[in-house]
Structure formats: structure tokens, C-alpha cells
Amino acid sequence: MTIDIKNLTIKKAGEMLRSGEVTSVEIVKECLKNIEEKNKELNIFLEVFDDALDQAKKADEMMKNGKGGELCGIPIALKDNILITGKKNSSGSKILENYVASYDANVVKKLKEAGAVLIGRTNMDEFAMGSSTENSAYGPVKNPLDPTRVPGGSSGGSSASVVAGMALGSLGSDTGGSIRQPASFCGIVGMKPTYGGVSRYGLTAMSSSLDVIGPFAKTTEDAEIIFECISGKDKMDATSRDVLSKAEILKISPRKVIGVPRDFLKEGVDKDVLKNFEEVLEKLKANGFEIKDIELPYTKYSLAVYYIIMPAEVSTNLSRLDGVRYGLRKEGESMFDTYKKSRSAGFGAETRRRVILGTYVLSHGYYDAYYNKAWEVRRAIAKEYEEVFKDVDFVLTPTTPTPAFKFGEKSDPVQMYLSDIFTVSANLVGLPSISIPSGFSSDNLPLGALFTAPIGKDFSLFEMEKYIK
Amino acid sequence: MEIKDIENLAELAKIDLSQSEKESLSKDLESILGYIKQIEEVKTTKNEVTQGDNVWREDETTTDLFNREFILNQFPDSQDGFVKVKKIL
């Protein structure tokens, strides 16, 4: 039988696997075939694991023994910053090109226990810094829907892998929009959990007060299946926490109020995006939702706050990469010289830019004006959302101001950074947020609707897809 | 931003930069700082501190197993199972 991976959901595949209609080996072979055919052109996978079929065989055994759950036998792709014991993990960087992980990330442990097939590691912007994958040390990923355009970033490879039929779902990480923006650019679902909702043990750190791991899938139902598997408190990550369970969410009486921060849509947003957004609002109204205009005066400073706090944390997190215990080493005359030579040879241009910027905002004389001030504004933003969520259940915006752009189109860093304008505030506050496909632009490029919920109410987000269909 | 400021930051960050990269970084940073400077106009009160709770745990040894070989194999330079570093003084 032929399996149409591009149109197969995890839900459906799971049913077929459990009924014996198909095996994991057959599904995985089909994904491998798509990878074989298209990966050279699209540059989605940095490595396809040679034990993928062995994992599939094991999953089929598990299934036969009646132990297979919803993810058993399902091929999942992982962003190249999530560790798997014995596998290379480069974080899209030359400095970690030959780094081999010595332990499993918590999410990997959970996926393995569920019998998921880890099919390979996907390309990404170096250290998850970028919105297009153009910052990958291994060349950019091309958008499978239109290879002249970017897939979004930084988890562009993970997003593209699902659209290109190379995996049924994938994991990415989201620091300022790195799951939701590529999901929107590729026309799939991408979810950023509550901060700490998924353990970051085994995720290469970029910006520790913002980073979170989350799922990509074709439907919110599929994204929910993955999230259910990977979420929860982990003793190895002190910032991890439990979120409200699906049952607890269902118990809360369904209030149906959507807040729209109209101020954000006034400038810099593509007209197709605005038109589609109004259509989404109409559908929600038709489904009994109340749409309420809200004001978030501090939130308009989110991107500025983000570009202070994030590089500050990047510069400190990446200081561990000095060529001493692991990673690339270039010998120099002295110890400092070796650090410098190794880091200069190993870091790409955007990484250098952010490390230098982070060093600047943390340096004596500027610390108060930038870093401390940014934290004050960040707290004000958090408070403002807390107030807003007393009146509304979700905040809704488009996911991105434009659909997927062309390679090289955003050569000015600030222009590139602005593509995260709608997504970053959820990271600053720690809110769960999801991008759901909402239609197409006049050029037939996918667009996304971004729903954001209060902390801990992650499971309420998956319900929204059916209302905007 | 002056080239000498960039050089100072590069020294602090332990990164060597070429002359042309110093120049382009100086321009990029001007532009990024120009954007982030907008936070100066925000009026905030200092008392809005809602930092996360401290998370405590007992200091117990656990038996989480790491593969020693994997870790040793990562050392760029080693001797007798120890990582070898450059002279510090």
C-alpha cells in the first residue's frame, strides 16, 4: 500500500498502526523515501539516524505486545539542539560540529518510552538565533511549499520536515517565536508551551529565561498528542512545572472571550495578513465568541526588551563554549588566545553579533540603562497580561506581520528581528501560545493565527482550531 | 559606536574580529541600539518585582548514569582520562 505521509495525521497513523493496517516500518520507510528524494534540495535534515528502521521494528514489537500508545511507531524529527545519547548534536553551529551527546534530553527519554521513532536531527539557525534558518552554519533550509522562500526560524528544519512528509511531527524550541513563526510560514501548527511546561534538560541553552521546547504537527490534535507526552515537571530542570491537565481545563466553564490588541495591527502588517485576520475574527464570532478590543501599552516594547534580555543571556550561556571540555578547539599561544581562536572559528556572524550585543548591555555603565530597565518593563508586561486575562480567555493576533519572505530579503538585522513582533511577548511573560493555519495570502502562501492563553492553560489552545476552520 | 568600543567588547567576549567585521558590527549595533533605546521612554516603577520562587531540593547523590566514554571522547585534549588545559599562570 502507498501511504500519503504529507496528508497523514499522527492520530490517523496511530489508529492504523493499532489496527494492524500498517506497520511503523512501512511509515518510516515512506518518510525515508521522501527524505532521500528531497533533502538534498531542501536541506531539512542535518542527519538521518541510521537506526530509524530498527527503532520502527521495536515499535512494531511494542505494538504487537499491546503496549503501544498514541506515539508508538510515529516518526518524529528533532531540532538539532535536543540531545540524544550517542548522537551528534551541533545546534546548527560549527563549534559543536562533532559534539556527541552523553545523555538523553528529558523530552527524548519520554519519546523513547512512548515508542516514538526518532528519525533525525533537523537544521536550524545557529544556536536557535534567527527567523529564517539563514544563520545555520550548514546552509539554509528551503520552504517545501516554495523553495525560493525561507521556512521561518529558528526551528525551520523541524517545521519543514512535517510539511515535506519526512516526519509526522517534530520538536523545536521557541525563545522569541522560533516554533510559531516557522509553523505559520510552512502552514502547520506550532505550539510554545507555558515557560517550564516542558523540561529543558538536554536542550542547548540559548536564553534561559525564555527558552521552551514544543511540538510541530499538521493539526492541533496531533500537537496535543506530542505535548501530552513531553510535558510535565522534571527533577532535572528546576524551572519545569506541571500545567493544568486536559481534564482540569475541560472542567473550567468555557468562557469565550477573545482579546485583540488593535494597536499592534496599525502599521507594518501586510494587507493580506490583515484581511485574513479579520476573516478569522468573523469565524470566531460566528462560533459564538465575543471579540473584545484590548490595550497592552507596555507590550509594544516587547521586541526592544527581548533584544536586551536575550543577547545578555546568550552572551553568558555561550561563554561555556571555549574549546576546553568539548567542541571545536583552535590552539593559540595562551589560554585566552585559545578561547578567542576557537570561538572565532566556531561562531557564525549572527552569534558573534548577539554575543557582542549581550556583552555591551551587561557591561559596566550600561547595565542599569539596558538590562535592569528591560527587566522592569518585562515585569510591567507580565502584569498587563495578568490584568487582561481577567477579562478575556485568549489574546489573538496574526502569527507574523508577513507571510514567508524570500532568501536574502531581510539583510538588515532589525528588519529580520521585526518578524517576531507578535510572538515575543508570550516568551517574556511565559505564556502558552499556538500558531494555527488560518488561510492563504493572495500569492497562496500560508498564514497563521496566534492564540495566547494564561500561564498553565496550555490545553485550552488545542481547542481553537475547529473554530477558525 | 566607535571601533575601539567594539574592540573592547570583543576582548571581553573573547572573540577575534576582522577589521571589516568590526566596521559592520559597529553599524549593526548602532541600528539595534537605536531600536532598543525606545525602552528609555517607558515609565516603570521599580517595585514590580514578581520573581519566581526559589526551588529547593535536598543535596543527595543520585545514580543517574552518564556514559563516561562519551564524555571523555569529547575532550579536545586529554591525558589519562583527564581534560588537559593550557597553563593559566
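Here are the numbers:
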| quantity | calculated |
| --- | --- |
| Å² of accessible area per residue within the range B:1-40, as computed with a 1.4 Å probe and no ligands counted | 52 |
| Charge dipole (the protein assembly as shown, unit charges on Cβ, about Cα centre) - positive-most of A:49, B:25, A:259 | A:49 |
| Protein-protein interface of the range A:292-315, residues with accessible area decrease of at least 10 Å², isolated chain reference, 1.4 Å probe | A:298, A:300, A:301, A:303, A:304, A:307, A:308 |
| Other-chain or far-sequence residues with amide H under 5 Å of residue A:234's (modelled H) | A:240, A:241 |
| At least 50 Å² accessible surface lost relative to isolated chain, residues of the range B:71-89 (1.4 Å probe) | B:74, B:76, B:86 |
| Accessible surface of the protein assembly as shown, 1.4 Å probe, proportion on carbon and sulfur as whole % | 50 |
| Charge dipole (debye, nearest 20) of the range B:9-89; +1 at Cβ of Lys and Arg, -1 at Cβ of Asp and Glu | 300 |
| Computed magnitude of the charge dipole of chain A (debye, nearest 20; Cβ of K, R +1, Cβ of D, E -1) | 540 |
| Low-density loop positions, GluC sites (Glu not before Pro), the range A:299-382 - DSSP coil, at most 14 other Cβ in 10 Å | A:331, A:333 |
| Where B meets A: accessible area buried, both sides, 1.4 Å probe, Å² | 4700 |
| Which listed pairs, of A:40/A:87; A:192/B:84; A:109/A:246, have C-alpha distances above 31 Å, in listed order | A:192/B:84 |
| Peptide A:408-417, shielding by other chains (average Cβ, 10 Å cutoff) | 2 |
| Tensor-based shape of the range A:5-246 (alpha-carbon gyration tensor, a/c under 1.5 rounded, otherwise prolate or oblate) | rounded |
| Cβ-placed point charges (K, R +1; D, E -1), dipole of the range A:5-246 about Cα centre in debye, nearest 20 | 240 |
| Residue-averaged [θ]222 nm for the protein assembly as shown, counting only DSSP H segments that reach four residues, each worth -39500 (n - 2.57) | -11000 deg cm²/dmol |
| Residue mean of other protein chain beta carbons inside 10 Å, B:29-41 | 6 |
| Surface accessible to a 1.4 Å probe, per residue, for the residues of chain A, Å² | 36 |
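The values are calculated or read from the model by the stated rules, or taken from the named source; none is laboratory data. Values in this document were obtained by computation on a predicted structure and should not be read as measured data. Note that each Cβ is placed from the backbone with ideal geometry, even for glycine, and that neighbours are counted across all protein chains shown. The accessibility values were calculated without ligands, DNA or RNA, using every heavy atom of the protein model including side chains. Shrake-Rupley method; radii C 1.70, N 1.55, O 1.52, S 1.80 Å.
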